[in-house]
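To start, the structure under review is shown below, and the notes come after it.
The values are calculated or read from the model by the stated rules, or taken from the named source; none is laboratory data. All figures in this text were calculated on a predicted structure; none of them were measured in a lab. Methodologically, a virtual Cβ is constructed for each residue, glycine included, from the backbone with ideal geometry; neighbour enumeration extends over all protein chains shown. Accessible surface is based on the protein model in full, side chains and every heavy atom, while ligands, DNA and RNA are left aside. Shrake-Rupley method; radii C 1.70, N 1.55, O 1.52, S 1.80 Å.
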Amino acid sequence: MSDSILGQVALSYSPMIDRNRAVSATRLTVFPLAPGASLDAAALLAEVAAVWPADGGSVSLNVLSESLLSDLLRAGPSANVMIEIPAFMAADAAHSAAIRALHARGSTLLLKGRPLRELPREVLPCFRHSIIELADDRRVNERGPAPGVVRAIGYVQSGVHSISEMEGAFSRGAVAVLGWPMDDAIALSEMGTLDGGRSGPSPDMHVLIELLHRADKAEPIERLEATLRRDPTLAFLLMRYINSPAFGLSVEISSFRHAIMMIGYSRLKRWLALLQPSGSKDANLRPVMFAAVRRGMLMEELVRHLADDQMSNELFICGMFSLLDRTFNHSFADLLQDIPVSERVYLALAEDSGPYEPYCSLARAVEGNALDAIREACERLIIGAQEINKAVLRALAHASRMG
């Protein structure tokens, strides 16, 4: 229905990454599509709770509507839903009672931005962390807190664009960074050597070993495929290996499940064992892989209502492989010579064209924080905001459960 809350807003997301390079929470930004529209806070919380139940992963709501946010403070979100409250609202005594009530119920509250005036004394203890833009962080030039000074609350650093800035934030005591400097992480990652003298990334050691254990126990193909789908590099290497002349197949293999079925448990274990010495332990690349997988999940969800398995699979591959040109430092035209992909996938990745390119553009827009880019991408696909937002929430929920 057009009057559903998901038809009245646009959603974007960004990960919160802790010092162990794990996704500790997802920030969900909510843009009202019509300025001044009356939006139902309870309905928004119900949609979020449907995909992030109370025992699920954590989500932080960044609501860019003062009236909707004011209603949310009084709507009683579940404990795993964190609410970001701008500093100007936190300093307004009109909201103090609602903030204190939420805190008393066990809700996690985040103070967004640096207050321009002192917060009411009873309000400050209600906040678990603050979100501080790097450019506004007065701690940047400090070597550490002054002797005897204890920070009242922890903080999340936003506006980080490089690994060095991220490391600096963690050294100053940040509990997490908002977003991830992907380009810098890729540029600074340890590069291995692939066959034929190519340079490129190594598969994640954690995923590689888990897949090896699952193959050793001869677990169902579906579980092996779900594990493989967590690592774009490993999936690409398997597809390239099984379609190589050395493997000797007379047909092309274009799906992960088919590849696992054709290689079999014994050969898969042997292949994984050979890869194990080159497995990457670079923690800075884990959020990059997570971003690629989450992009694939979103693109897959956008067409789930069509019940077209081939299209869903191809769009997942588009999203999952969409960062490989940067991680391998080779063009998609070169990389896709080694594995069979449909013309639609090739056009989207290698030429930024074809029927799948608008889905790629939408996935990138939803990862950003710009309403105009999301609107433009939605219009190109001719899909309503409600369907797109449902796909976003389902994809994020799958990714959260995957860890």
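A few comments on the model shown:
- Using the Cβ of Ser331 as centre and a radius below 11 Å, the other residues enclosed give a net charge of -2, where K and R count +1 and D and E count -1.
- Calculated [222 nm] ellipticity per residue, helices only, for the chain: -13500 deg cm²/dmol; basis is -39500 (n - 2.57) per DSSP H run with n ≥ 4, divided by all residues, nearest 500.
- Ile131, Ile382, ranked by accessible area, largest first (probe 1.4 Å): Ile382, Ile131
- Accessible surface ranking that places the most exposed of Ser38, Ser322 first, with a 1.4 angstrom probe: Ser38, Ser322
- Charge dipole (segment 216-308, unit charges on Cβ, about Cα centre) - positive-most of Ala259, Leu234, Leu249: Leu234
- Per-residue HN-Hα couplings for segment 370-382 [Karplus 6.51, -1.76, 1.60; θ = phi - 60°; Hz; x = Gly/Pro]: 10, 4, 4, 5, 5, 4, 4, 5, 5, 5, 5, 8, 6
- Average accessible surface for the chain: 45 Å² per residue, computed with a 1.4 Å probe over protein heavy atoms with every protein chain in place.
- With θ taken as phi - 60° and the Karplus curve 6.51 cos²θ - 1.76 cosθ + 1.60 applied, the whole-hertz 3J(HN,Hα) list for segment 24-29 is 7, 6, 10, 8, 10, 8 Hz, x standing for glycine and proline.
- Take the chain and mark each of the GluC sites (Glu not before Pro) that is in a DSSP loop with at most 12 other Cβ atoms within 10 Å; the longest unmarked stretch, sites excluded, is 253-403.
- Using alpha-carbon coordinates, inclination of helix 205-216 to the longest axis of the chain, degrees: 50
- Measuring nothing but protein heavy atoms, the accessible surface of the chain at 1.4 Å probe radius is 51 percent carbon and sulfur.
- Comparing Gly106, Gly179, Gly36 in a Gaussian network model of the chain where C-alpha atoms under 10 Å apart are linked, the largest mean-square fluctuation is found at Gly36.
- Summed residue charge, Cβ within 13 Å of Ala235's Cβ, Lys/Arg positive, Asp/Glu negative: 0
- Cleavage-rule hits, trypsin sites (Lys or Arg not before Pro), segment 296-403, DSSP coil, Cβ neighbours within 10 Å at most 15: none
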